[in-house]
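Let me begin by presenting the structure, written as structure tokens, before commenting on it.
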Amino acid sequence: MDILFAENSEKQYVQLRPETIKDLALNEIIESIAATEKDRPIISSIFTRIPSDIRDIRFRQSIMRDFLKHDTLTEEVADTLGMIQTLKDYHIGASRVSQGENTLYALLESLRELSVYVAVSEQLVNILKKYDIESDGLKSLLSLLENTVGDEHFEEAKQDIETMLADLSTVKGAVIGVNFTADLGIESVAAVEFVSHKLRSKYTFAEIAANIGNIMSFSSASNSVRMNADTIRVIDPLLVNLTPLMEKELKKHFSRIKNFLKKYINPEGTFITEMYEGLTFYTAMARFGKRVKEKGNPICFPHLPLSDEKVPAKDTGSAKSHADAPSPSKDGNHVQFSIKDLYNIRLVLAGEEHIVKNDFAFTPSERLFILTGPNRGGKTIIEQALGIISVMASVGGFVTASECTGRPFSNILTHFPIDENLTINYGRLGEEAVRIKEIVKEADERTLILFNETYSTTSAGDGLYLSKDLLHVLKEIGASVIFNTHIHDVARSVEEMNQWEGQSRFVSLVMEIRDGVNTFKIKRSDPDTRSYAENIARKYGITYEQMALRDRACP
């Protein structure tokens, strides 16, 4: 089984573009989620791949609910991850035995692997049986583990492992006879006698070193074996000669080990190691969700429709009155995704205590939004929050809101300002054109596209012309769009743009200013350029009154 995909899933997904990952600051969030440095690539690979099948999203979400419901379940499963990682590390040893390699190292590694497999199987069964788990994923895992642990061969293996380890533990030391060459190199090992007690030398280390100084000398460079790209291991001539005699002397043990391994190594046992990435993701996300809640912020799981269910967007009061609420879509492909008390998780990570929350809804008739407002009024924060929450919902996680309803987007594309150093080949406008062309090519009716100050570097007239052409084609495609812009004439053109072909209407949204103060709340309105300019001027003390008063104050 696969802990990340539903039964019979085709395991298809959409990989988020690097630009989207950067614009939404997903790496910053992933770093906060991951428990350790080695967990980051695991979390990243799952967090940036959106499953194409809603059954996979629902499958993950139900597992995540179980972990968030039971804090101790999360911690106990997290404690087994080290053992599962050990199993992954030992897997090569089992492969060597299955390929007929008899070396001491390979056999012992395989025995250890099987020992860990038995231990972690029992531990996971005992953990999962303690809790009232509801997800199909964890129930299936428990059933598979119970069948494994309950098999008669499993109990036999457990007893045989204990017997062999006890047998091997009786060997405490070895007396060896070594023949030297004229220059005290190792010529051969003459004898090996294993004893059940530890040996003590009557010579001190200094005396041994003085008499046979190069007994453990390194062999020539030709005897070096490269273990990996970072490590060089030099063969010890003593061990080279000693190993065959040790294997011969311990033949009675290793014959039993080899026969035992052939009998008990279960190729299906790899299902536990295949759980590692998924369990790492669930436990890390559950711990992260707990931290977010402890700081007083709501989280929830989106209410997902059934695969053939059309869920109307709830009236959240953010951008429509109850009378304006759209009818349920007749087309299951059209997005209906509503959020209540949305906030940007990055504000939590930054330590903000008083975070303004907003409601938002994408519906079949309204999913094209022109967003205007003052600088530092919260446009980018809310736009980024919509992208982040869409990603979290799409990968089967909880979301940063008090309520969320509908099917998440199947892809998220972004166009945020880029580093000027990266525009040297095309210039800023040329770079925008290249990226926008790719976005339009990839977009469909299940895509969310976030634009942040697109075409802001050209003239207002050119920017208006280019923006309207872009929005025109996206309306025909049926994509969901947030177009964050300082070109206020785009928002003033909403009535004109609503005459274009396409099911959705354009809506003008602004970041509210009340009594000259940014509230960081979204409201429906035409852009108020004068209010924005006055707000900025007063903030920086450059209104006529402020500057004139300053002049009069000067001697």
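Nothing in this text is a laboratory measurement; each read-out follows from the coordinates by a stated rule. Since the structure is predicted, the reported quantities are computational estimates derived from the model, not experimental observations. A quick note on method: Cβ atoms are made from the backbone with ideal geometry, for glycine too, and the neighbour counts reach across all protein chains shown.
Over 23 Å apart: what share of the alpha carbon pairs of the range 333-416 falls there, rounded to a whole percent? All intermediate terms of the calculation are to be shown ahead of the outcome.
Working: 669 of 3486 pairs.
Within the range 333-416, distances greater than 23 Å cover 19 percent of Cα pairs.
In nm, give the distance between the simple-model label positions of Ala350 and Glu37, each being 7 Å from the Cα along the Cα-to-Cβ direction.
The modelled label-to-label distance comes out at 2.8 nm.
Fully extended, how many nm does the chain gain between Met1 and Asn126 (0.36 nm per residue separation, minus their Cα-Cα distance)?
Numbers: separation 125, 0.36 × 125 = 45.00 nm, distance 1.94 nm.
Contour length minus Cα-Cα distance gives 43.1 nm.
Between their Cα atoms, which of Lys22/Lys475; Lys22/Lys295; Lys69/Lys290; Lys357/Lys521; Lys441/Lys475 are more than 18 Å away from each other?
Details: Lys22/Lys475 26 Å; Lys22/Lys295 26 Å; Lys69/Lys290 10 Å; Lys357/Lys521 7 Å; Lys441/Lys475 14 Å.
Beyond 18 Å: Lys22/Lys475; Lys22/Lys295.
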